[in-house]
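The structure under discussion appears below in the form of structure tokens.
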Amino acid sequence: MRNVWVALASLSVAGLAVTAQARELMPNDRYMCSWGAGTAARAQELKLSGVSLYAARQKIQAYKFSKPWMRMMAMGITEQTYDSPTRFKPEAVRESFYNDCVKYKLARK
């Protein structure tokens with residue numbers, strides 16, 4: 001019975017730690033991760049449909065971005081996506097990018 005209480009206590013402490021970490025992520029960081037994930041998913045879509053990296057770069061140049069950092073970030077994300085040999089579906093790329101970005105942002109704090 002004592003082992004059950006110890007296990008429950010440790011799980012609740014771990015749950016509180018995860019909840020506390022989730023709260024530490026600033027809204028700007030969450031937005032950046034979400035935007036980057038969407039950009040990665042779009043780049044994967046283009047890659048899987050056979051669009052060349054050159055054409056994808058031209059599309060990025062034609063976009064109107066709301067923040068100055070977005071154009072270069074989109075270029076970098078697109079190039080990394082094209083360099084990757086993966087053939088994952090765009091939704092899987094979006095989820096993976098978002099999760100990794102959140103982990104990175106939390107680790108920096």
Ranked list, fewest to most other Cβ atoms within 10 Å of each Cβ, for Tyr63, Tyr54, Tyr82: Tyr54, Tyr63, Tyr82
Fewest-first sequence of Ser34, Ser66 by Cβ atoms within 10 Å of each Cβ: Ser66, Ser34
Entries in Lys59/Lys103; Lys67/Lys109; Lys59/Lys89 that, when Cα-Cα distance is taken, lie over 27 Å: Lys59/Lys103
Gyration tensor verdict on region 41-109 (Cα atoms; rounded if a/c is under 1.5, prolate if a/b is larger than b/c, oblate otherwise): oblate
Residue exposure sequence - Thr39, Thr86 - by fewest surrounding Cβ within 10 Å: Thr86, Thr39
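Throughout, read-outs are computed from the coordinates displayed, never taken from laboratory work. Quick caveat: nothing in here was measured; it's all calculated off a predicted structure. FYI the Cβ positions are ideal-geometry reconstructions off the backbone, even for glycines, and counts take in every protein chain you see.
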